[in-house]
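The values are calculated or read from the model by the stated rules, or taken from the named source; none is laboratory data. The shown structure was predicted, so the numbers you read here are calculated from the model rather than taken from an experiment. So basically every Cβ, Gly included, is an ideal-geometry build from the backbone, and we count neighbours across all protein chains shown. Quick note on the areas: whole protein, heavy atoms, side chains included, nothing else; ligands and nucleic acids left out. Shrake-Rupley method; radii C 1.70, N 1.55, O 1.52, S 1.80 Å.
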Amino acid sequence: MEDLHFFRVHTGEEVPGSDYWITRPASIGHPKNGAVMFLTEGHPEWRGVFESVSGCLVFWPDVWDVPEAVSRKNAVFPCRNPHLEYCRFFQRHGITGLCMPGELCERNGSHIGKTAKIGEGTVIFPGCFIGGDVSIGEDCYIGPGVKILGRVRIGNHVWIRENTVIGMDGMTTDRDGEGHPVPMPQFGGVVIEDGVKIGALAVIQRGAIDDTVLHRGCKIDSLALISHNVSVGEESIVVGTAFLFGSASTGRQAQVSGGCMVGNYVRVGDRASLGMGSVATKDIPDGWIAYGVPARPVRQDALDPERGSIF
């Protein structure tokens, strides 16, 4: 994620006596100074990350003591549910993270932000919307009705077919003590590397904090959902009506077959394959094929370079 500023809030409004300005969110995996962050009780191994940053607002599990090295440089808010308080922070300060259209121009029947960057040889059909913070490389193909908004970086030789939507918010939501949903604004972007092919009516959501990434040469079929913070590996294939939920990932040359679901944080390994209609709730090891609900690995060598996919 680039070094961007999204808002400006003084930490004294959250932790009396503290004196920092925070301007962005940051994740544990990519910590930043001057950011709002949270740590959940289920991940004690990440506590040391907060010793490396300063000027942050940190929502911290109240069951743990706060190390002096963390509290000396940051505003720490101990609480029972740090993720919920993180979501409430944005609610309290009226921060939505929504993309705004900006100044547009019309080109061949499409509306394109004046600050968008379009490479040479790229074809854009009528009926598209491309926001001002979008960068598209050379020799790309953008089909009719495609919508691209937010911070999206697209490489060269990328195909995006009809009516696909890229950069919309994911549904990252917690619940308060009465069960009411408390949404978390989305600030990440989408990175689409060279040679990616995306079918019609697919949805590629932007990251919640960091980016959603489609790596070089992967293929996303029509009607697929790639949720926030997902990483699709190089030359992997996601077949139509498959859903990859938040922070799921695939390795290199993996395959997720039609009608499959890959759960939050679940990884389909290098050259692994998930059989049609399966639901992956746990990682699929490299090179294995998995079937079922829930999916279970049944044998190795899911993909044979000589004969292609076994599906």
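Choose one answer from Pro126, Pro82, Pro16: the residue with the largest mean-square fluctuation in a GNM of the chain with alpha-carbon springs under 10 Å.
Pro16
Rounded, prolate or oblate: which fits region 2-96, taking a ≥ b ≥ c as square roots of the Cα gyration tensor eigenvalues, rounded meaning a/c under 1.5, else prolate when a/b beats b/c? Don't jump to the answer; show the numbers that get you there.
Working: a/c = 1.35, a/b = 1.27, b/c = 1.06.
Taking the square roots of the gyration eigenvalues as a ≥ b ≥ c, region 2-96 is rounded.
If packing is taken as the average count of other Cβ atoms within 10 Å, what order do 171-184, 86-99 fall into, highest mean first?
Answer by packing, highest mean first, reads 86-99, 171-184.
What nm distance separates the two modelled labels at Trp64 and Arg8, each placed 7 Å from Cα along Cα→Cβ?
In this crude label model, Trp64 to Arg8 measures out at 3.3 nm.
How big is the C-alpha Rg of region 151-282 next to the rule-of-thumb value 2.2 N^0.38 Å, as a ratio?
Working it through for region 151-282, the quotient is 1.01.
For the chain, what's the relative contact order in percent, using C-alpha pairs closer than 8 Å and at least 6 residues apart?
Details: 936 pairs, mean separation 24.5, N = 311.
The normalised contact order for the chain reaches 8 percent.
If you place +1 on the Cβ of every Lys and Arg, -1 on the Cβ of every Asp and Glu, and leave all else neutral, what size is the dipole of the chain about its Cα centre, to the nearest 20 Debye?
Details: 28 positive and 36 negative charges, 81 e Å.
Computed about the Cα centre, the dipole is about 380 debye.
Choose one of Pro126, Gly34, Ser54: the residue whose Cα lies farthest towards the positive end of the charge dipole of the chain (beta-carbon charges +1 Lys, Arg; -1 Asp, Glu; about the Cα centre).
Comparing the listed Cα positions along the dipole, Pro126 ranks first.
Kindly provide the helix-only [θ] at 222 nm of the chain, computed as the sum of -39,500 (n - 2.57) over DSSP H runs of four or more divided by all residues, to the nearest 500 deg cm²/dmol?
Working: 2 runs with 15 residues, N = 311.
The per-residue figure over the chain is -1500 deg cm²/dmol.
Mind giving me the FRET efficiency for His93 and Asp176? R0 is 22 Å, r the Cβ-Cβ distance, nearest 0.05 is fine. Intermediate values should be presented prior to the final figure.
Details: r = 17 Å, r/R0 = 0.76.
After rounding, the FRET efficiency stands at 0.85.
Under 20 Å from a point 7 Å along the Cα-to-Cβ line of Arg216: which residues of region 229-247 have their amide N that close?
Backbone N within reach: 231-238.
Collect residues whose amide H, placed 1.01 Å from N in the peptide plane, falls under 5 Å from the amide H of Ile237; neighbours closer than 5 in sequence don't count.
It is Lys219, Ala254, Gln255, Val256, by chain and number.
What does the convex hull of the Cα atoms come to per residue for region 144-186, in Å³? Working shown, then result.
Values: hull volume 3.6 nm³, N = 43.
Measuring per residue, one finds 83 Å³ for the Cα hull of region 144-186.
What is the gain in length, in nm to one decimal, between Arg72 and Asp286 on full extension, counting 0.36 nm per residue of separation less the C-alpha to C-alpha distance?
Details: separation 214, 0.36 × 214 = 77.04 nm, distance 4.31 nm.
Between Arg72 and Asp286, full extension yields an extra 72.7 nm.
Output needed for the chain: three equivalent-ellipsoid semi-axes, defined as square roots of 5 times the C-alpha gyration tensor eigenvalues, in descending order, whole Å.
Each semi-axis is the square root of five times an eigenvalue, giving 35, 27, 16 Å.
Accessible area per residue, 1.4 Å probe, Å², for the chain: what's the number?
Details: 14310 Å² over 311 residues.
Ligands and nucleic acids excluded, the figure is 46 Å² per residue.
Below 8 Å, C-alpha to C-alpha, sequence gap of six or more: please give me the relative contact order for region 32-145 in percent. Please report the intermediate quantities before stating the final value.
Numbers: 193 pairs, mean separation 19.3, N = 114.
Relative contact order comes out at 17 percent.
Among Leu274, His228, His215, which residue has its Cα positioned farthest towards the positive end of the charge dipole of the chain, with +1 placed on the Cβ of Lys and Arg, -1 on the Cβ of Asp and Glu, and the dipole taken about the Cα centre?
With unit charges placed on the Cβ atoms, the residue in question is Leu274.
Taking the Cα atoms only, what angle lies between the long axis of helix 82-92 and the longest principal axis of the chain, rounded to 10 degrees?
It is inclined by approximately 80 degrees.
Can you tell me the Rg and the Dmax, both Å, for the Cα atoms in region 103-191?
15.6, 54
Straight-line reach only, C-alpha to C-alpha below 20 angstrom: list the lysines that Lys219 could link to, leaving out same-chain residues fewer than 8 apart.
In chain and number order, the partners are Lys147, Lys197.
Could you work out how far the C-alpha centroid of region 150-186 sits from that of region 198-232, in angstrom?
10
Roughly how many percent of the accessible protein surface of the chain is carbon and sulfur, given a 1.4 Å probe and a whole-percent answer?
53
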